[in-house]
Amino acid sequence: MTTQPLVERSEVGAVLVLTLARPRAKNALSAELMEELRIALQRAAQEESVRAVVVTGQDGNFCAGADISAFENFRTAPLVGDRSRCGQLFWDELSSFPKPVVAAVEGYALGGGCELALACDIVVAAESATFGLPEVKLGVIPGAGGTQNLIRSVGKAAAMQMLLTGTAISADEARRMGLASTVCAEGEALEAALAIGHAISGNSPTAVALAKNAALAALDTGLAQGLEHEKRNFHVAILSPDSYEGQQAFLEKRRPAFSQT
Ligand code: CO8
């Protein structure tokens with residue numbers, strides 16, 4: 001008997017689309033689904049043809065969070081040590097994934113689903129999208145970076161309101177707060193995310209990876225250290241073959257032919 005994948009993979013040009021495929025549970029994150037997502041990302045990191053990744057959900061919803069029917073797993077998982085339990089390895093690897101990841105959100109992005117969107121680099125939301133961290137209503141708190149990433153993305157007051165009330169926000173509110181960068185019509189989030197992915201794909205993959213890496217350093221360090229980090233990455237970029245090619249192509253009024261890695 002063949003089992004259906006919980007994460008569907010398709011390539012649109014140089015953009016890899018990973019679709020959460022558990023629609024009957026609103027794409028809730030079971031341990032199996034997170035492991036499939038982790039393996040898909042690991043593979044995407046190695047594939048030269050993949051320049052950007054879009055994560056989306058099947059049947060009009062992004063993801064309704066951790067699988068509430070399997071919360072017992074969290075009770076028995078160790079706090080430190082084995083990171084493979086409960087998808088922790090997936091979240092660790094996503095946070096250091098080197099290529100750009102765009103979340104295409106339709107419908108619900110709740111709990112771990114909202115945390116998944118927050119862990120992506122860019123969030124595109126359809127008008128129907130709803131973002132929320134309702135964990136406190138279940139007697140728990142976000143456990144996949146939500147408390148840390150939300151406050152960095154929307155600031156303290158808005159983050160506290162979402163975290164402590166558990167109340168969801170609309171796509172427009174998410175954009176106003178800075179959680180989403182673009183709002184599009186219902187049903188068009190994937191298309192809009194793909195357009196961003198294609199725009200990224202036309203750029204130097206080396207420069208894109210260095211820019212992502214430097215920008216993320218801003219979340220972990222003070223300004224002086226962050227500027228040092230940027231300077232180091234700039235130095236690597238300026239000496240890369242893509243840098244010579246990019247500038248030469250500009251001067252010769254042609255499209256650059258960037259390297260694959
Ligand atoms: N887990 C398991 N099953 C779910 C989940 C979920 N998170 N969400 C929905 N489902 C299931 C429902 O149980 C239902 O199953 P069945 O058909 O067998 O009864 C099916 O999906 C359809 O759901 P509804 O009938 O409830 O559909 P509605 O359209 O009425 O409502 C909602 C949709 C609003 C999304 C509603 O299902 C809901 O509120 N879901 C729970 C949302 C939630 O509280 N999410 C937070 C979970 S806690 C969390 O994510 C903690 C993260 C900690 C870190 C984790 C790392 C993974």
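The values are calculated or read from the model by the stated rules, or taken from the named source; none is laboratory data. Bear in mind that the values here come from a model prediction, so they are computed numbers and not experimental data. Cβ placement follows ideal geometry from the backbone for every residue including glycine, while neighbour counts extend to all protein chains displayed. For the accessible areas, the whole protein counts, side chains as well, though only heavy atoms, and no ligand, DNA or RNA atoms are used. Shrake-Rupley method; radii C 1.70, N 1.55, O 1.52, S 1.80 Å.
Numbers for the structure displayed
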{"quantity": "Förster-model FRET efficiency, 22 Å R0, Thr167 and Thr147, C-beta, rounded to 0.05", "calculated": "0.90"}
{"quantity": "For the range 1-58, size of Cβ-based charge dipole, Lys and Arg +1, Asp and Glu -1, in debye", "calculated": "220"}
{"quantity": "Length gained when the stretch Leu89-Ala45 is fully extended (0.36 nm per residue, less Cα-Cα span)", "calculated": "14.3 nm"}
{"quantity": "Sum of -39500 (n - 2.57) over DSSP H runs of 4+, divided by residues of the chain (222 nm, nearest 500)", "calculated": "-13500 deg cm²/dmol"}
{"quantity": "Accessible area of the range 181-230 divided out per residue, in Å², using a probe of 1.4 angstrom", "calculated": "55"}
{"quantity": "Fraction of accessible area attributable to carbon and sulfur, the chain (%, probe 1.4 Å)", "calculated": "56"}
{"quantity": "For the chain, size of Cβ-based charge dipole, Lys and Arg +1, Asp and Glu -1, in debye", "calculated": "400"}
{"quantity": "Dipole magnitude of the range 1-126 about its Cα centre (Cβ charges: Lys, Arg +1; Asp, Glu -1), debye to nearest 20", "calculated": "100"}
{"quantity": "Mean Cβ count within 10 Å, highest first, over the residues of peptides 235-241, 38-44, 27-33", "calculated": "27-33, 38-44, 235-241"}
{"quantity": "Proximal lysines relative to Lys212, as straight alpha-carbon distance under 28 Å, when same-chain residues fewer than 8 apart are discounted", "calculated": "Lys99, Lys156, Lys231, Lys253"}
{"quantity": "Cut-off 15 Å (backbone N to label point 7 Å along Cα→Cβ of Glu72), residues of the range 10-46", "calculated": "31"}
{"quantity": "Per residue solvent-accessible surface (Å²) - the range 58-166, probe of 1.4 Å", "calculated": "45"}
{"quantity": "Separation of alpha-carbon centers, the range 20-53 and the range 209-261, rounded to whole Å", "calculated": "27"}
{"quantity": "Largest-first principal axis extents of the Cα set of the chain (Å)", "calculated": "60, 50, 41"}
